[in-house]
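Student: Attaching a single structure in structure tokens format; questions to follow.
Just so it is clear, none of the values below were taken in a lab; they were calculated from the coordinates. Quantities reported herein were computed from a predicted structural model and do not represent experimental measurements. All Cβ positions, even for glycine, are placed from backbone atoms using ideal geometry, and neighbour counts span all protein chains on display.
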Amino acid sequence: MPTGNFKVCVVGGAGGIGQPLSMLMAMDPNVSELCVYDLSIAMVPAQGVAADLSHLNKKCSVKGYAFDKDDRAINVAGECLTGCHLVLIPAGVPRKPGQDRKDLLKINAGIAGNVVEACAKFCPEAVVALIVNPVNSVGHLMCELWKKKGLKASKIVGITTLDIVRANKFVHELTGAAMDDISVPVIGGHAGTTILPLFSQCKTARSIPAAQIPGLDKRVQDAGTVVVAAKNGKGSATLSMAYAGARLGKAVLAGLAGEASVECAYVASDGVLPYFSSQVSFGKDGVEKVHDIGELNTYEKIRLAELTPVLLDEINAGLEYARDNDFAS
């Protein structure tokens, strides 16, 4: 792998998450070429985002690609994706108030599926990292699609890093400990009660009274809703999500470069469920090792038992969609 010389593509790179994510990836010293890829009807043209980012005094060259839903789209995708080592996908539509998750799945699974199909064709060796809701359903579904192409499950990653970022920040606010000394593993999924921060495994967090842990746990689960409310329903957690996505992207690239790299991610697993978020070692083939969830305290064991059937239902919803729509065939 070309250490410090990676090609990265951000699909949906002109959107609310995509723009700041593209900027952060352009600043990564391991990235030499960045492709910003989005629909031609995007509010801000992908070429405009690329032109803006190309002025950063970094070594990374930046190109923008816009595509229509026509026959040319596949040619644009080929030029953009060929040779990519990492494809980040902050694509799809956000959940609207009152919208059923299955309705959201129908829309976003189709969008993500088209991108993953293109990646399988043009950059089958790339790591494909998903920021597509509902991640709990879409992650496993995209992995199954990828495997049906004869490709490795280790290349498909659901990004749950924002949960870790939030858990770490909230522990810092409670304890005053240095951020570099805080590392809270977060397991399970990436929605509501399926998110389980393991505060017992963070040395710094052990000073927090046990009575405060359920509230802290709930704060991590509800953090996204808090941001939506603070933005008066006019946006979601775009900036912090971009930061989290770039952190995961940095970890993947470090692994590809042969450096030790561990992050939590939602990946194919032989553990609690067939798809599950836990600590992952990244290497030259993407996901190199899925770590055991480790020792849990009583509270965490109860929470794990409660979240498991919920997460399994959401995983199965993705597979149900595949069956009903002749998807991943």
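Student: Under the rule of at least 5 residues apart or a separate chain, name every residue whose amide H is placed under 5 Å from the amide H of I195.
Tutor: For I195, the qualifying residues are G189.
Student: Helix 161-175 sits at what angle to the longest principal axis of the chain, using alpha carbons and giving 0 to 90 degrees rounded to 10?
Tutor: Its long axis makes an angle of about 40 degrees.
Student: Hey, another quick one. Taking every Cα atom in the chain, find the radius of gyration and the maximum pairwise distance Dmax, and write them in Å.
Tutor: In Å, with Rg to one decimal and Dmax whole: 19.0, 60.
Student: Once R0 is set to 22 Å, what does the formula 1/(1 + (r/R0)^6) return for the Cβ-Cβ distance between S61 and N114, expressed as a FRET efficiency to the nearest 0.05?
Tutor: Calculated value: 0.25.
Student: Under a crude label model (7 Å from the Cα following the beta-carbon direction), how far is L174 from D222 in nanometres?
Tutor: 1.5 nm
Student: Within the chain, what percent of beta bridges assigned by DSSP are antiparallel, to the nearest 5?
Tutor: Counting DSSP beta bridges with both partners in the chain, the antiparallel share is about 40 percent.
Student: Here is a follow-up. Nearest 10 degrees is fine. How inclined is helix 298-324 to the longest principal axis of the chain, computing both from alpha carbons?
Tutor: 30 degrees
Student: Label point 7 Å out from E288 along Cα-to-Cβ: which residues of the stretch 136-173 have amide N under 16 Å?
Tutor: 154-155
Student: Still on this structure, I have one more. Using only Cα atoms and rounding to the nearest 10 degrees, what angle (0 to 90) does helix 135-148 make with the longest principal axis of the chain?
Tutor: Helix 135-148 sits at roughly 50 degrees to that axis.
Student: For a quick check: with amide H placed at 1.01 Å from N, whose amide H comes under 5 Å from S261's, ignoring anything fewer than 5 positions away on the same chain?
Tutor: HN-HN under 5 Å from S261: F282.
Student: OK, next. Along the Cα-to-C-beta direction of V310, a point sits 7 Å from the Cα; which residues of the stretch 177-209 have their amide N less than 15 Å from that point?
Tutor: Counting only backbone N, you get 187-198.
Student: Can you tell me the length gained on complete extension of the stretch K149 to T82, counting 0.36 nm per residue apart and subtracting the Cα distance?
Tutor: Gain in length upon complete extension: 22.4 nm.
Student: Per residue of the stretch 78-94, what does 6.51 cos²θ - 1.76 cosθ + 1.60 with θ = phi - 60° give for ³J(HN,Hα)? Whole Hz please, x for Gly and Pro, Karplus curve as stated.
Tutor: Coupling constants for the stretch 78-94: x, 5, 6, 8, 4, x, 5, 9, 9, 10, 9, 10, x, 10, x, 9, x Hz.
Student: Counting only DSSP beta bridges with both residues in the stretch 194-329, what percent are antiparallel, rounded to the nearest 5?
Tutor: Percent antiparallel among DSSP bridges in the stretch 194-329 is about 100.
Student: Taking every Cα atom in the stretch 150-265, find the radius of gyration and the maximum pairwise distance Dmax, and write them in Å.
Tutor: Expressed in Å, the Cα Rg and Dmax of the stretch 150-265 come to 15.2, 49.
Student: Oh, and also: Subtract the Cα-Cα distance of L296 and M27 from 0.36 nm times their separation in residues, and report this length gain in nm to one decimal.
Tutor: Residue separation times 0.36 nm, minus the Cα-Cα distance, leaves 93.1 nm.
Student: So, one more: With a sphere of radius 14 Å drawn around the Cβ of P185, what net charge do the other residues whose Cβ falls strictly inside it have (Lys, Arg +1; Asp, Glu -1)?
Tutor: -2
Student: While we're on this one: Quick one: which residues, 5+ away or cross-chain, put their amide H under 5 Å from the amide H of N30? H built at 1.01 Å from N.
Tutor: Under 5 Å from the amide H of N30: no residue qualifies.
Student: Which entries in the list K59/K234; K102/K234; K169/K301 go over 25 Å, if you measure between the two C-alpha atoms of each?
Tutor: Result: K59/K234 exceed 25 Å.
Student: Check each of the trypsin sites (Lys or Arg not before Pro) in the stretch 37-97 and keep only those in coil by DSSP with at most 13 other C-beta atoms within 10 angstrom; list them in order.
Tutor: K59, K69, R72
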